[in-house]
1. Measuring from label point to label point, each 7 Å out along Cα→Cβ, what is the THR398 to TYR317 span in nm?
2. So how compact is region 304-394: Cα radius of gyration and Dmax in angstrom?
3. Using a cut-off of 9 Å between beta-carbons, work out the net charge of the residues near LEU382 (Lys and Arg +1, Asp and Glu -1, LEU382 not included).
4. Pulled fully out, how much extra length does the chain show between ASN364 and ALA204, if you take 0.36 nm times their separation in residues and subtract their Cα-Cα distance?
5. For LYS189, which sequence-distant residues (separation of 5 or more, or a different chain) have an amide H within less than 5 Å of its own amide H, given hydrogens modelled in the peptide plane?
Amino acid sequence: MLRRWHPGGAVMETGKTLRGGAHLVFDAVDGVTHIVEGMYRNIAAGAWPLGDAPEGAAPGIAGFVHRAIRKVNGVSRSGLDIALRRFSLQLDNMAPPGPNREAIIAALNGVCGDHLARSGNPLAIPMRLRVGLPGQAGCSGEPGGRLLIAVHGLSMNDREWTWQNHNHIETLARQQGFTPVYVTYNSGKHISWNGRELSAALAALVASWPGPVQSITFVGFSMGGLVARSAMHVAQEEAQGWLERVDKAVYIGTPHHGAVMERGGFWLQKILTYSPYTAPFALLGRIRSDGITDLRHGNLRDDDWQHHDAHSDNADYRVPTPLPRNIEHFAIAATLSKKSGERAGRLLGDGLVHPSSATGRHGNPQYDLALEPDHTQILYDLSHLAMLRDPRVTDQLTAWLGKVH
């Protein structure tokens, strides 16, 4: 099978990794300095335990010290960056990249990838499509015309579809004749931005494919399902031709209507703002990336997040976005509940996503995805990440996606 990146993008070399890591450390020093200065300022002002925090810099010697720290931090950043640029090639030869480094960088992108992208940090992962994975038995021969687009979840990369020597995508490719195409993206960026980039990348991929593309099938895990939906929405709005080739889309553990954990993160950050003595620590909550805050309600479009601050406003501003027509849509949900037969609303979640959200159910008909009963499956006694290795998921994917005749 053809192995390549499309539309391009190098592996994270050692020189880039060290430069990006250094930038992030200096950014962290700036952030911690701001938090500590805020504590000094609020204590010096003698603020009441509850209420608004004072504004501005810390007074007197404290303000001078924190300004000096920022100055030294900025000079050190510039000097180290110049040195690392000069020796990047030697560093790359001494310590070539590997899967463990890629996994760490993917996790970092999930947490603060929006900041990495905005600040031009070399650690920011670009949108990439890879045909096949290195080391997989199916990575030989010519690519076929049935593309299986695999979109990973938050803080992950394409290699993490393989868990404990099992990979749903490779199993489907081997048994049913798909050509696997793995998407890697910066999961800390807004889902709508990643959806737009994925739509453009798929248009370029189809245009340069060595043979006719007969069909495109999506399998999205967790956030990846939302990115796939966003890409299809963009393609629909822009009349992209690749959308006409999409026949099926399967969403595995996708928070179509949000994830409970991110809602908890919002309230923790909010509580910290109620006292001027804890308010500086609320800045730590703002480290949560745009991608993470999009998971609170399942944002897909720019309009879902553009007109409010997700760190101070918890309301759901989503524009109803139905699933594209003429495509078969399927959803697999998991629950930690061990007993079957309960109504979905009474089930436990999978640790991150509730089955009602994963199967697209919503009390408001405008938001309900209206999936057919035989197009959804709830798996019991199963956690969110364990869905990547569970054979019941493979069996369900096989049943829905069908065999080659």
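Read-outs: derived from the displayed coordinates by stated rules, not from any lab. The shown structure was predicted, so the numbers you read here are calculated from the model rather than taken from an experiment. Note: ideal-geometry Cβ built from the backbone for every residue, glycine included; neighbour counts use all protein chains shown.
1. 4.7
2. Every Cα atom of region 304-394 included, Rg and Dmax give 15.0, 42 Å.
3. Working: positive: ARG392; negative: ASP350, ASP381, ASP390.
Taking every other residue near LEU382 into account, the sum is -2.
4. Working: separation 160, 0.36 × 160 = 57.60 nm, distance 3.70 nm.
Gain on stretching ASN364 to ALA204: 53.9 nm.
5. For LYS189, whose amide H was placed from the backbone, the distant partners under 5 Å are ASP114, GLY291.
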